[in-house]
Amino acid sequence: VAEIVQQPSPQAEPIARVTEILGNYADPGMEIEIALRKHDLPTEFSNDSEKQAAKYGSKVLVKDLKGRKDLRDLPFVTIDGETARDFDDAVCCQALAKGKGFRLWVAIADISHYVRPGDVLDRDSRDRGNSVYFPRRVIPMLPEALSNELCSLKPEVDRLTMVCEMEVTPGGVVRTYAFYAAVIHSHARLTYTRVAAVLEGREAEPPIEAKLVPALEILYAAYKALLGARAKRGAIDFDSVETQM
């Protein structure tokens with residue numbers, strides 16, 4: 001990495017001062033180090049941000065539950081790809097009376113409980129705008145005390161969320177919906193491959209608890225209802241292959 005100290009002229013080449021040596025161009029991960037600097041991606045948080053994120057601790061406190069709907073008894077699960085790095089949304093579904101459809105809950109981590117407008121975490125995250133994902137590394141938008149802990153819907157721990165609760169008809173029409181702040185307790189971190197195996201009557205690897213299977217079957221039925229309504233609307237469905245090297 002170099003800093004230009006003299007611009008080129010018709011008679012002279014530019015002059016630069018070396019400010020950082022990254023290593024050999026062929027070293028593993030060097031393409032990430034180069035990309036970070038080429039695109040000026042911030043990789044370190046300010047001390048104030050780290051301190052503010054750390055002060056929240058690693059557990060949801062009783063005082064954090066005030067004004068929130070308690071959904072911890074519902075069998076929420078997260079379902080992501082095998083290579084997913086974050087777990088910020090969870091789902092749960094129950095069947096209504098026969099022929100009445102489904103009650104569906106979609107929860108997403110409530111980052112706004114920890115990041116307030118104008119505070120140091122907000123300012124640092126605005127500088128980033130989003131998290132950046134490389135094949136072997138993530139540059140998070142928030143310090144890891146939040147992005148990997150309190151704002152990650154890990155299994156078997158309480159987490160603060162914003163929830164959309166919906167009634168879905170057997171034909172896939174959203175009859176009613178409501179948004180509210182809640183606390184949930186994810187029962188498992190699942191992957192599409194494992195869930196697909198269970199729905200096809202095969203053994204998942206590693207196995208999925210038997211008590212979760214009925215809820216997954218109801219969730220799949222709701223998915224098929226919504227998919228049918230989507231097809232009627234003429235929505236385009238893209239099927240692409242993700243290359244891994």
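Numbers below:
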quantity: Test: residue in region 147-154 that is charged (D, E, K, R) and either open to solvent by less than 10 Å² (accessible area, probe 1.4 Å) or modelled with pLDDT of 95 or more (or both); calculated: no
quantity: The lone exception for Cys92 - which of (1) in a helix (DSSP H, G or I); (2) open to solvent by less than 70 Å² (accessible area, probe 1.4 Å) it fails; calculated: (1)
quantity: Hits in region 27-85 (condition: part of a helix (DSSP H, G or I), in contact (Cβ under 8 Å) with a residue 60 or more places away in the chain and β-branched (Val, Ile, Thr)); calculated: Ile32
quantity: Complete set of residues in region 218-239 that are open to solvent by less than 100 Å² (accessible area, probe 1.4 Å) and either touching a Cys at 6+ places or on another chain (Cβ under 6 Å) or closer than 23 Å to Leu190 by Cβ (or both); calculated: Ile218, Leu219, Tyr220, Ala221, Ala222, Ala225, Leu226, Leu227, Arg230
quantity: Selected residue (criterion: farthest from Val120 (Cα to Cα)) from residues of region 23-40 that are open to solvent by 50 Å² or more (accessible area, probe 1.4 Å) and aliphatic (A, V, I, L, M); calculated: Ala26
quantity: Which listed residue, of Met162, Met166, is more than 17 Å from the chain's Cα centre (by Cα), under 24 Å from Gly67 (Cβ atoms) and either in contact (Cβ under 8 Å) with a residue 12 or more places away in the chain or surrounded by fewer than 19 Cβ atoms within 10 Å (Cβ to Cβ) (or both); calculated: Met166
quantity: Close pairs (8 angstrom Cβ cut-off, 6 or more residues apart or separate chains): over 20 Å from Leu74 (Cα atoms) and polar (S, T, N, Q) in region 190-216, open to solvent by 70 Å² or more (accessible area, probe 1.4 Å) and not in a helix (DSSP H, G or I) anywhere; calculated: Thr193/Glu82
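Rundown of residues vs (1) among the charged types (D, E, K, R); (2) farther than 29 Å from Pro170 by Cβ; (3) open to solvent by less than 40 Å² (accessible area, probe 1.4 Å), yes/no style:
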{"site": "Val60", "(1), (2), (3)": "no, yes, yes"}
{"site": "Leu71", "(1), (2), (3)": "no, no, yes"}
{"site": "Ile79", "(1), (2), (3)": "no, no, yes"}
{"site": "Ala84", "(1), (2), (3)": "no, yes, yes"}
{"site": "Ala97", "(1), (2), (3)": "no, no, no"}
{"site": "Phe102", "(1), (2), (3)": "no, no, yes"}
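The values are calculated or read from the model by the stated rules, or taken from the named source; none is laboratory data. Because the structure is predicted, anything quoted here is derived from the model rather than measured. Cβ sites come from the backbone with ideal geometry, for glycine too, and all protein chains shown count toward neighbours. Side chains included, ligands, DNA and RNA excluded: accessible areas come from the protein's heavy atoms. Shrake-Rupley method; radii C 1.70, N 1.55, O 1.52, S 1.80 Å.
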